[in-house]
Amino acid sequence: MATHTPEQAALAELDRLTSAFNKAEGNVEKARKPLHEAIVKHLRARSAPPGVIADHTPYDRNHVGRLGKAAGVPPLRGPNAAPAPEYDDATQAAALAELDKLTVAFKKAEGKVEEARKPLHEAIVRTYSSRVLGPGVIAEHVPYDRNHVGRIIKAAGAPLIRG
C-alpha cells in the first residue's frame, strides 16, 4: 500500500476536483452550441418574434439579436430589413418547445458547474489553510491563476499565511 504525503493527497484532490469542474464547463459549451444554433435557425426561419424567442431562452432580446446578426440573419427593421414576417401559431409553438427543451438542458449544465465549483473552492481554502500548499502551487492544479486563488481564499475568510 502506497503512503501519500499530505502534499500528494492535496494535489490529487485538487486535480480530481479540477477535472470534474472542467468536465462540467465543457458540458455547458456542449449545451450552449445547440441552443445558439436553434435560436439562429428560428430567427432565420421567422418561426417566432425575437422577443418571444428571448422569453424562451436564458438570454435577453438584445443578445438574441446579436446572435442572429452574427449569423447573418436579416434584421426586421432598418435599411436592410427582411420582409415583415407572418408568424404561424403551430410553427411558433414547435419552435418555442424546442427552445424550452434546449434551455432546460443548458441551465441544468450551468447548475452542474456551480455544483463542481463549490467543492473545488472548499478544497482550495482547506489546502491553503492547512499550510500544505501555497497559492502558487495550488494555482498550477486548478483552473485559476494565483491571484484568483488568493481572492477565493480571502473571500472564504481564511487567514493569510505569510512566509
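The values are calculated or read from the model by the stated rules, or taken from the named source; none is laboratory data. Just so it is clear, the model here is predicted, and its values are computed rather than measured. Counting neighbours? That spans all protein chains shown, and the Cβs are built from the backbone with ideal geometry, glycine included. The accessibility values were calculated without ligands, DNA or RNA, using every heavy atom of the protein model including side chains. Shrake-Rupley method; radii C 1.70, N 1.55, O 1.52, S 1.80 Å.
Of all the residues that make up the range 77-93, how many are within 30 Å of the chain's Cα centre (by Cα) and aliphatic (A, V, I, L, M)? Spell out how you get there, then give the answer.
Our first condition is that a residue be within 30 Å of the chain's Cα centre (by Cα); within the range 77-93, this holds for 91-93.
Retained after the next criterion (residues that are aliphatic (A, V, I, L, M)): 93.
Residues that pass the stated criteria total 1.
Taking the options Ala24, Ala31, Ala38, name whichever one is touching a Lys or Arg at 6+ places or on another chain (Cβ under 7 Å) and either assigned to a helix (DSSP H, G or I) or of a type in the set (Lys, Arg) (or both).
On the way: Ala31 fails: touching a Lys or Arg at 6+ places or on another chain (Cβ under 7 Å); Ala38 fails: touching a Lys or Arg at 6+ places or on another chain (Cβ under 7 Å).
Residue meeting the stated conditions: Ala24.
Filtering the range 3-28 to residues that are open to solvent by 20 Å² or more (accessible area, probe 1.4 Å), more than 23 Å from the chain's Cα centre (by Cα) and of a type in the set (A, V, I, L, M) leaves Ala9, Leu11, Ala12. Looking at this structure, is Ile53 buried (at least 18 other Cβ atoms within 10 Å of the Cβ) and farther than 27 Å from Ala116 by Cβ? So Ile53 passes the test. Taken as a whole, the structure places Arg46 among residues that are in contact with an Asp or Glu (Cβ under 9 Å, 6 or more places away or on another chain) and either of a type in the set (S, T, N, Q) or modelled with pLDDT under 95 (or both). The residue of the range 29-48 that is farthest from Ala82 (Cα to Cα), among those that are of a type outside the set (Lys, Arg) and open to solvent by 40 Å² or more (accessible area, probe 1.4 Å), is Glu29. The condition of being within 30 Å of Arg151 (Cβ to Cβ), within 18 Å of the chain's Cα centre (by Cα) and without any contact (Cβ under 8 Å) to a residue 60 or more places away in the chain holds for only one of Lys107, Lys112, Lys101, that being Lys107.
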